[in-house]
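Notes to accompany the following structure.
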Amino acid sequence: MYISLLLDTEDLIAPEADDVAMWCADILHEERAPATFCVVGENARLLKSRKRSDVIASLTRHDIGLHSDQHSVHPTIMEYLRDKGWDDGIAEVVRRESPGLASIREVFGKSPSTFAGPGATWGPQIHAAMRQLGIPSVMYALTAIPGGRNIHRFAGTRSYPRRDFTDMNDGSYRNPVEWRTNFDINLKALKAFQDAGYHWAGVFMGHPTHILHENFWDFDNLAYGKTVPRAQWVPPKRISDADLKVALANFRTTARTLRNLPGIEIKAIAEMNAIYDRASTAPVDRSGQESVWERIHGDLAKISEWPILEKQFDFSKIAATTRGQLHTLETESLVAG
């Protein structure tokens, strides 16, 4: 089974989070565990303005994805898509996310392998917009196909389902007991995926900023629709040097263990895209589309309550637009040999 290691690099406040992103990238490189770092466009621009060529070089040794242009700055993705239809929604995604794509290309010297929505926020138009922008896949997708959790296509774009992930719970790295408990749960989940015949699973390794800080950078400033002026943003609380040392050691052990799991091969998303470019595709029939709708709608309902959105967020039009595009669902199956 293939697994992909994902990290979201997104802190727009604390420059010291850049160091942790670099240290994580270096650890993964040393452990021969290639990863995909999903970087916010604004974060890429900050790395350039801070002259952090060392961080950029470390991240560039790995695969790079786009984690939206502005992350939690309002309006977030679902907020700017809430009143949009299909065509005008695609145009809005292209307009708002193009600067992030340009920044990733400029700063890292390569195009992103995937678009990973921040804070679970998502809209169906993203898939078609990424096809226009030349980004070959969408990460953490809410779409699904019958028969379980599988890589598939939606609106013509490869989609890696949100439910196909295990989560290392980045806040637990600093606590040896909590980390070990959570790690064992994740290892059992990966084994269950293997036993069920999965070809791929994602492993969310964490946010460098949350490895370093007790809370997320955006919660006190932007959660639930807050619009605190950027000059007044409150930085997150940093953990102690001793706790950070423990966290990075456990991060390394996590990477090393995953690298040596029997029957597991680590592939970054760019590599997975190349593998699945050889896959055969087939349309999902009407009954199959209807069979996955309850799951998709339920996931939309859950993420509509996340802090990245305003409270009591109305996702009804996004849901209707999604359902109207289920006819674009396609399976992707690897051909033996």
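An oblate overall shape is assigned to the range 246-306, the ratio a/c of its alpha-carbon gyration tensor axes (a ≥ b ≥ c) being 1.5 or greater and a/b not exceeding b/c.
The distance between label points at residue 253 and residue 320 comes to 5.3 nm (points 7 Å beyond Cα on the Cα→Cβ vector).
State which stretch of the chain is the longest one without any exposed GluC sites (Glu not before Pro), exposure meaning a DSSP loop state and at most 13 other Cβ atoms within 10 Å.
Values: sites that count: 214, 305.
With a cap of 13 other Cβ atoms within 10 Å, the longest stretch comes to 1-213.
In this structure, the amide hydrogen of residue 201, modeled 1.01 Å from its nitrogen in the peptide plane, lies closer than 5 angstrom to those of 2, 3, 4, counting only residues at least 5 positions away or on a different chain. Backbone geometry of the range 151-164 corresponds, through the Karplus equation with coefficients 6.51, -1.76 and 1.60 at θ = phi - 60°, to 3J(HN,Hα) couplings of 4, 8, 10, 9, 6, x, 10, 4, 10, 9, x, 4, 6, 8 Hz, x marking Gly and Pro.
Once you list every other residue whose beta carbon is under 14 Å from the beta carbon of residue 71, what net charge do they have if Lys and Arg are +1 and Asp and Glu are -1? Intermediate values should be presented prior to the final figure.
Values: positive: 45, 96, 226, 230; negative: 8, 10, 11, 42, 69, 79, 97, 218.
Summing Lys/Arg as +1 and Asp/Glu as -1 gives -4.
Pick out, in residue order, every one of the trypsin sites (Lys or Arg not before Pro) in the range 250-320 that is DSSP loop and has at most 12 other C-beta atoms within 10 Å; say none if there are none. If you can, show how the numbers build up before the last one.
On the way: sites: 252, 256, 259, 267, 278, 286, 295, 302, 311, 317; in loops: 267, 278, 311.
Those that pass, being in a loop and sparsely packed, are 278, 311.
Dipole size of the chain about its Cα centre, with +1 on Lys/Arg Cβ and -1 on Asp/Glu Cβ: approximately 340 debye, rounded to the nearest 20. Amide H to amide H, with H built 1.01 Å from N, residue 152 comes under 5 Å of 159, counting only residues 5 or more places away or on other chains.
Hey, with R₀ at 56 Å, roughly what FRET efficiency would residue 184 and residue 282 work out to, going by the Cβ-Cβ distance, to 0.05?
On the way: r = 37 Å, r/R0 = 0.67.
E between residue 184 and residue 282, to the nearest 0.05, is 0.90.
A simple rule links phi to the HN-Hα coupling: the Karplus curve 6.51 cos²θ - 1.76 cosθ + 1.60 with θ = phi - 60°, which for the range 321-333 gives 5, 4, 4, x, 10, 4, 5, 8, 5, 9, 7, 10, 10 Hz, with x for Gly and Pro. What the phi angles of the range 172-187 give under the Karplus curve with 6.51, -1.76 and 1.60, with θ = phi - 60°, is a coupling list of 8, 4, 7, 10, x, 5, 5, 4, 4, 4, 5, 4, 4, 4, 5, 5 Hz, glycine and proline written as x.
Every number here is computed from the coordinates shown, using simple stated rules; none is lab data. These numbers were taken from a predicted model, which means no experiment stands behind them. Heads up, the Cβs are rebuilt from the backbone with ideal geometry, glycines too, and the neighbour counts pull from every protein chain shown.
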